[in-house]
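The values are calculated or read from the model by the stated rules, or taken from the named source; none is laboratory data. Just so it is clear, the structure is predicted and the values come from calculations on it, not from any experiment. Quick reminder, even Gly has a Cβ in these numbers, built from the backbone with ideal geometry, and neighbours come from all protein chains shown. Surface accessibility is based on the protein's heavy atoms, side chains included, excluding ligands, DNA and RNA. Shrake-Rupley method; radii C 1.70, N 1.55, O 1.52, S 1.80 Å.
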Amino acid sequence: MRDSDPIHAIRFWLLIVIAGLFLSGMTAFPLETELRWLLFILRSTPLRSFAEFTHLLPWIERVYGGLSLTNEHFPFLGYGTDWLAFAHLVIAVAFIGPYRDPVRNEWVITFGLIACAGVIPLALIAGHIRGIPIAWRLLDCSFGVLGGIPLLLCRRHIHTLEQLGIRKKDV
């Protein structure tokens, strides 16, 4: 291979994407426990005044209350977030293809960019319908933007490989 820098850059950015998806997936399983810990931290540290001022503390208390009540009376509803978590893990695995052969698997990068773009209308529309505060919806939108940045960089590096004449089987 003539120039390995694009390959290293692609692999670096894909590892960021894979790690983000993996962490998102793994943290979607123990939601009630995580929220309990977060409430403990927000209530017992210097963050409390900031969390109250920004309305983060009342929101997290409300979410925790709803989640714990739901888990107590309707635990089967948590199965939906289990599938959400699993989907994040499966999507992370899909990015192994472009990690191994970026030119041949450029379509996975396109898929990821489409998914990142779809986060924004979903968060804004579904979040509004579900009564999610606007600040939280904008935070959710940021995941689409932040996920799209490394994928756009990967796409640019893949195009560099193509311009260098790197064929699918050379990578």
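When the stretch 156-167 is examined, which residues are found to be open to solvent by 70 Å² or more (accessible area, probe 1.4 Å) and either modelled with pLDDT of 95 or more or closer than 16 Å to H8 by Cα (or both)? Those that are open to solvent by 70 Å² or more (accessible area, probe 1.4 Å) and either modelled with pLDDT of 95 or more or closer than 16 Å to H8 by Cα (or both): R156, H159, E162. Filtering the stretch 39-48 to residues that are over 25 Å from the mean Cα position of the chain (by Cα) and open to solvent by less than 80 Å² (accessible area, probe 1.4 Å) leaves S44, T45. Checking each residue of the stretch 30-38 against the condition of being surrounded by fewer than 17 Cβ atoms within 10 Å (Cβ to Cβ), polar (S, T, N, Q) and either under 30 Å from G97 (Cα atoms) or free of Cβ contacts under 8 Å to residues at least 24 places away in the same chain (or both) gives at least one match.
Would a scan of the stretch 92-104 turn up a residue that is at pLDDT 95 or above, over 16 Å from the mean Cα position of the chain (by Cα), surrounded by 12 or more Cβ atoms within 10 Å (Cβ to Cβ) and of a type in the set (S, T, Y)? Yes.
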